[in-house]
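Working notes, structure below.
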Amino acid sequence: MRLQGKVAVITGAAGNIGLETARQFLREGASVALVDLNAEALESAKTQLVPDIPTTNESHVLVIVTDSTSEDDTTRMFSEVVAKLGRLDCAFLNAGISYSSTPILDETMDRFDKVMNVNVRSGVKYAGMAMKELGNGGSIIITSSIAGLRGTPGMSIYATSKFALRGLSLTAAGELGPFGIRVNTVHPSGVNTPMFHATWGPEKIEELKKAMPLGRFAEVDDIAGVVVFLASDESKFMTGGMLKVDGRSVSF
Ligand SMILES: NC(=O)c1ccc[n+]([C@@H]2O[C@H](COP(=O)([O-])OP(=O)(O)OC[C@H]3O[C@@H](n4cnc5c(N)ncnc54)[C@H](O)[C@@H]3O)[C@@H](O)[C@H]2O)c1
């Protein structure tokens, strides 16, 4: 198993990509802290994950309701993970929000503040502090987007937030490298999830799909597999890196 004995925090774990990543981490032998704002969805995530994976029991899964935009919540969450699971090897910082595609001229500052607040804060500082204190290095993986690599009409604020995460990860990779802490970003194109469908609506979705060379959008397991790689020792010389998981999409 590729993550045997490792401990990971996954934010946005009650959501689509987070939950599938938690499943793959558990299958690879990790213990996982499921972190999200949505308490009910978190409990249901735990209830489905544990019986799903024969090598996993209740002790491998910790549920921590956390608002990733709150300094107090995030600090408390990392302390609880270390106290209860004994170590911290990986933080998959994946909590994020989107919205229905909107032209820049109709955008509002309120939305700018809300999206930037959730998507950019991400918790890199707190993951880095916890890993540095433990002294065993670690892997921080941040969910950016293909919108964090190129202009995406209708998604000016979202794209701004996802580009910002590249700056954050490159800087953090330089600063945290001396402590053995790696920081990388993943950049999915549209993933077949409610967030993606709500962003674009049915007509645009059909148009986007026709332009996908592989004839389909990503599924959550396509993204989770790449995150497992970045969490594992197979990527031990990768830091400040970015992995596009976009099926060579040209249309977003
Ligand atoms: N779905 C896509 O097509 C797609 C494409 C590229 C990137 N992404 C990114 O992937 C990540 C996950 O997307 P998803 O499709 O699984 O979305 P999702 O909505 O299913 O999951 C996001 C999760 O984040 C949680 N969350 C939101 N705000 C939070 C906060 N302040 N504190 C803690 N948790 C919070 C939500 O409760 C939710 O469970 C996001 O960062 C998103 O921007 C998604």
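What follows is calculated from the coordinates using simple rules that are stated; it is not laboratory data. What you see is a predicted model; the values in this text were computed from it and never measured. Quick reminder, even Gly has a Cβ in these numbers, built from the backbone with ideal geometry, and neighbours come from all protein chains shown.
Descriptive notes on the structure:
- Of the residues making up region 43-71, those that are over 17 Å from VAL124 (Cβ atoms), within 14 Å of the ligand (Cβ to nearest atom) and either charged (D, E, K, R) or more than 18 Å from the chain's Cα centre (by Cα) (or both) are GLU43, SER44, LYS46.
- The residue that is nearest to ALA8 (Cα to Cα), counting only those in region 212-236 that are surrounded by 12 or more Cβ atoms within 10 Å (Cβ to Cβ) and small (Gly, Ala, Ser), is ALA231.
- Restricted to region 135-174, and to residues there that are among the hydroxyl-bearing types (Ser, Thr, Tyr) and part of a loop (DSSP other than H, G, I, E, B), the residue that is farthest from the ligand (Cβ to nearest atom) is THR152.
- Among the residues of region 175-198, those that are of a type outside the set (Phe, Trp, Tyr), in a helix (DSSP H, G or I) and either more than 13 Å from the ligand (Cβ to nearest atom) or under 18 Å from the mean Cα position of the chain (by Cα) (or both) comprise GLU175, LEU176, GLY177, PRO178, PRO194, MET195.
- Just one residue in the set LEU37, LEU105, LEU93 is under 23 Å from ALA198 (Cα atoms) and without any contact (Cβ under 8 Å) to a residue 12 or more places away in the chain; that residue is LEU105.
- Hey, ARG111 basic (Lys, Arg), touching a Ser or Thr at 6+ places or on another chain (Cβ under 9 Å) and more than 10 Å from the ligand (Cβ to nearest atom) or not: yes
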